[in-house]
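The values are calculated or read from the model by the stated rules, or taken from the named source; none is laboratory data. On a predicted model such as this, the values are computed, not experimentally measured, just so you know. Here the Cβ is made from the backbone with ideal geometry for all residues, glycine too, and neighbour counts use every protein chain on show. The protein model used for the area step is the full one, side chains on, heavy atoms only, and it has no ligands, DNA or RNA in it. Shrake-Rupley method; radii C 1.70, N 1.55, O 1.52, S 1.80 Å.
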Amino acid sequence: MILFPAIDLKNGQCVRLEQGDMARATVFNLNPAAQAQSFAEQGFEYLHVVDLDGAFAGKPVNAEAVEAMLKTIPIPVQLGGGIRDLKTVEAWLDKGITRVIIGTAAVRDPELVKSAAKKFPGRVAVGLDARDGKVAVEGWAETSQVTVLEIAKRFEDAGVAAIIFTDIARDGLLKGLNLEATIALADAISIPVIASGGLASIEDVRAMLTPRAKKLAGAIAGRALYDGRLDPAAALALIRNARA
């Protein structure tokens with residue numbers, strides 16, 4: 001189980017949104033590279049980054065901030081937001097991103113995911129963000145008519161490294177992870193699933209380590225880390241002990 005600290009980029013700054021609403025953004029750090037370095041120093045082993053402006057624009061917007069992070073930290077980075085074609089996938093992997101996350105394009109253009117995962121095995125993840133069980137796209141501005149499970153099943157044999165499942169209703173609100181829905185998804189597919197949206201406290205981390213959640217590959221923590229509700233040292237110690 002990997003705990004991924006999240007950095008969401010808007011206008012070159014590190015922010016957190018509430019329920020994916022760009023109008024409800026809180027700026028937590030003007031310097032994303034410094035924030036990334038802080039997470040690495042705290043002992044996190046993998047960073048989760050989203051280019052929020054890119055998700056809306058359909059192309060990378062905060063590339064400068066991402067590149068500054070890559071130069072600053074030694075730990076791997078997974079990146080989503082505005083990755084809609086193979087050229088962008090290749091460009092980010094060449095720049096040192098360990099794993100790209102394809103979201104909107106996974107709904108609109110499943111062949112892109114399949115060809116990218118085939119070309120770069122283990123380096124392509126799919127981001128599925130759900131509002132009432134249906135997948136939202138274009139930076140969550142639109143809700144599609146397909147369910148998370150329907151989309152996830154399309155990629156069963158594609159070689160996708162992980163599915164990152166976010167419950168939009170909980171995102172940024174510190175209400176706790178939607179473990180029921182996340183575990184149900186993980187149980188229905190063979191692709192590893194990472195939980196996202198709402199992680200609020202050490203109790204969420206504990207719940208991730210129970211036997212019923214054993215198929216989950218990790219969880220993403222955002223606001224709880226920035227607000228100080230989740231102590232990184234305590235959370236990482238819990239995970240280390242569970243692995244031992």
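Side notes on the structure shown:
- Scope the range 103-148; condition touching a residue at least 60 places away in the same chain (Cβ under 8 Å), at negative phi and touching an Asp or Glu at 6+ places or on another chain (Cβ under 9 Å); matching residues: ASP129, ALA136
- Residue identified as farther than 19 Å from ARG223 by Cα, open to solvent by 30 Å² or more (accessible area, probe 1.4 Å) and small (Gly, Ala, Ser) among ALA152, ALA188, ALA169, ALA161: ALA188
- Test: ALA169 is outside any strand (DSSP E or B), within 15 Å of ALA195 (Cα to Cα) and touching a strand residue (DSSP E or B) at 6+ places or on another chain (Cβ under 9 Å): yes
- Filter result for ALA36 (of a type in the set (A, V, I, L, M, F, W, C) and either open to solvent by 50 Å² or more (accessible area, probe 1.4 Å) or under 22 Å from VAL205 (Cα atoms) (or both)): yes
- Complete set of residues in the range 55-88 that are modelled with pLDDT under 95, surrounded by fewer than 24 Cβ atoms within 10 Å (Cβ to Cβ) and within 20 Å of GLN13 (Cβ to Cβ): PHE56, ALA57
- Among the residues of the range 210-232, those identified as closer than 27 Å to GLU18 by Cβ, open to solvent by 20 Å² or more (accessible area, probe 1.4 Å) and of a type outside the set (D, E, K, R) are ALA217, LEU225, TYR226, GLY228, PRO232.
- For the range 128-147, filtered to residues that are within 20 Å of SER190 (Cβ to Cβ) and open to solvent by 10 Å² or more (accessible area, probe 1.4 Å), the residue that is farthest from the chain's Cα centre (by Cα) is VAL146.
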